[in-house]
Structures are given as structure tokens and as C-alpha cells.
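Asks: Structure incoming, see below.
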Amino acid sequence: MKDFRLYAITGEQFHPNRDLIEVMEEAILGGVDIVQLRDKTSGKQELLRKARALRELTRKHDVTFIVNDHIDIAMEVDADGIHLGQGDLPLPEARKIVGGKIIGISTHALQEALLAESQGADYIGVGPVFRTATKADVVDPVSVRYVREVAQFIKIPFVAIGGIKLNNVDEVIDAGATRICAVSEIVGSSDVRGTCEAFLGKLKR
Ligand code: TZP
Ligand code: MG
């Protein structure tokens, strides 16, 4: 997969008065390299509509598009890849369906990271680094210690996620992360573009 630094996930609850596509386009203009559609509430038709719109937007800007959970929707709109959690379809099964598309796997411990790597994940998520209210199924924060472990032992790209804000991202970068993912800090910002630019400024240092 194309390398990346800043990964934005949708979270429409954080911008109740703004359009999804408008917010994600601002994030892209701010320098986001990957957009993920993550929506745990919409029905299939609504999801498909959003996925189609985001596919069109990301194509226009040559940005990678990932769909969370729904392999069928990822295939239907020709997304670049899918993102799966530990409780979702096992990676070898997903690989049979998506072929060469990107598969990202959420991990919370080194054992999960090593397994995902050995099974051919294209990247892994590492988190939640800090406490976050964005993810409903509560997983205890893994802290920057886990980021440090992954940086030491994992060779495939990894992206730190969970409670990452402009005011704590330095800690995550110091632990070895070169790729960052955020939901609320980006899409909930009153200046989405500026927030992305500020994240990238920190990542480039
Ligand atoms: N996976 C691990 S933490 C998380 C996901 C989807 C939510 C991150 O959201 P935020 O708002 O950046 O803390
Ligand atoms: Mg999932």
C-alpha cells in the first residue's frame, strides 16, 4: 500500500450540523492520506450511499479509502481496502474475498500484532493509546508502552489511534509512531483543515 502519515476516520456524531463529505474533504485538503468510513448506526442502504460518496471524493483527491467492518460495501464501491477488528471476520477469510485490497487490523497487544503481521495484514491499528469515548465497546487504553513495543517488533506499517489530540500526539510520536489516526480531534474541530495541518507539522518533525 501507499505509505501514509495521517489517517482520518469518520465520526458524524462530532459534527451534527455539517455534511459528511464537506468535513472529510476539508480533512483531505489538510493533508489526510487515508479516509475510513466507520459508521456503526446506519443501515445498509445509507452506508452504501455514504461509501459511494466517499469513494468519489477520495478518487478525486487520490486519497486511500477504507471501509470499516463491511466487506460487501467495500467490494461494491471498489474501496481500496477494509479495516477489521479482533471480533470481525478472520484475516485469512477476508483475504479470500478482497484479494489484493488493503486489509487493516485493530490490535491491542503484541500477540495480536504479530499474528496480524504473519497473516499478511497490510497495516495494523495500535490502540486505543489513550482513553476515548469514541469507541463504544470499551477497551482499556494500551498506553504509549504498546506503541513502543510495536515500533520495536513489528515491520509492517502501524498507525496509533485512540484519544490522540494535538496536545498529546508528541508523546505518541516520541514512542515511535510515524502514523497517526484520529476521529474526534479531526472531524469535531472547528478548523478541520488546520487541525490536520498541525498534526502533519508534528509528524514531520
Ligand atoms: N479504534 C480504537 S480507538 C478508536 C477506534 C475506532 C476511536 C478513536 O477515536 P478518537 O476520537 O480519535 O479517540
Ligand atoms: Mg470492526
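Asks: Being in contact (Cβ under 8 Å) with a residue 60 or more places away in the chain, within 11 Å of ligand 1 (Cβ to nearest atom) and within 14 Å of the chain's Cα centre (by Cα) is true for just one of 129, 159. Which residue is that?
Replies: Only one candidate qualifies: 159.
Asks: May I ask you to list the residues in the stretch 27-63 that are over 21 Å from residue 104 (Cα atoms), touching a residue at least 12 places away in the same chain (Cβ under 8 Å) and outside any helix (DSSP H, G or I)?
Replies: Result: 30, single match.
Asks: Applying the selection to the stretch 96-114, what residues are in a helix (DSSP H, G or I) and within 16 Å of ligand 1 (Cβ to nearest atom)?
Replies: Correct list: 112, 113.
Asks: With the structure loaded, tell me whether residue 169 is under 25 Å from residue 27 (Cβ atoms), in contact with a His (Cβ under 9 Å, 6 or more places away or on another chain) and β-branched (Val, Ile, Thr) or whether it fails that test.
Replies: The answer is no for residue 169.
Asks: Shifting gears a bit: Just checking, which of 187, 144, 159, 172 is of a type in the set (Val, Ile, Thr), at pLDDT 95 or above and touching an Asp or Glu at 6+ places or on another chain (Cβ under 6 Å)?
Replies: Sole residue among the options that is of a type in the set (Val, Ile, Thr), at pLDDT 95 or above and touching an Asp or Glu at 6+ places or on another chain (Cβ under 6 Å): 144.
Asks: Evaluate the following for residue 176: is it without any contact (Cβ under 8 Å) to a residue 12 or more places away in the chain, out of contact with any strand residue (DSSP E or B) (no Cβ under 8 Å at 6 or more places or on another chain) and either of a type outside the set (D, E, K, R) or within 16 Å of ligand 1 (Cβ to nearest atom) (or both)?
Replies: No, not satisfied.
Asks: Return the residue satisfying two criteria in turn: it lies in the stretch 152-170 and is farther than 17 Å from residue 11 by Cβ and among the charged types (D, E, K, R), and of such residues it is surrounded by the most Cβ atoms within 10 Å (Cβ to Cβ).
Replies: 170
Asks: Still on this structure, please answer the following. I'd like to verify a number: residues in the stretch 1-29 that are touching a strand residue (DSSP E or B) at 6+ places or on another chain (Cβ under 8 Å), away from ligand 2 (no atom under 16 Å from the Cβ), under 20 Å from residue 199 (Cα atoms) and of a type outside the set (Phe, Trp, Tyr), how many?
Replies: The qualifying residues number 7.
Asks: Exactly one of (1) assigned to a helix (DSSP H, G or I); (2) near ligand 1 (Cβ under 9 Å from one of its atoms); (3) over 24 Å from residue 26 (Cβ atoms) is unmet by residue 145. Its number?
Replies: (2)
Asks: Can you report the number of residues in the stretch 179-197 which are away from ligand 1 (no atom under 13 Å from the Cβ), charged (D, E, K, R) and part of a helix (DSSP H, G or I)?
Replies: So the answer is 2.
Asks: Let me ask something else. Taking the stated definitions as given, is residue 88 within 13 Å of ligand 1 (Cβ to nearest atom), under 13 Å from the mean Cα position of the chain (by Cα) and either surrounded by fewer than 16 Cβ atoms within 10 Å (Cβ to Cβ) or more than 16 Å from residue 157 (Cα to Cα) (or both)?
Replies: No.
Asks: So residue 205 passes all but one of these: (1) surrounded by fewer than 14 Cβ atoms within 10 Å (Cβ to Cβ); (2) more than 16 Å from ligand 1 (Cβ to nearest atom); (3) at pLDDT 95 or above. Which condition number does it fail?
Replies: Failed condition: (3).
The values are calculated or read from the model by the stated rules, or taken from the named source; none is laboratory data. What you see is a predicted model; the values in this text were computed from it and never measured. All Cβ positions, glycine included, derive from the backbone under ideal geometry; neighbour counts span all protein chains shown.
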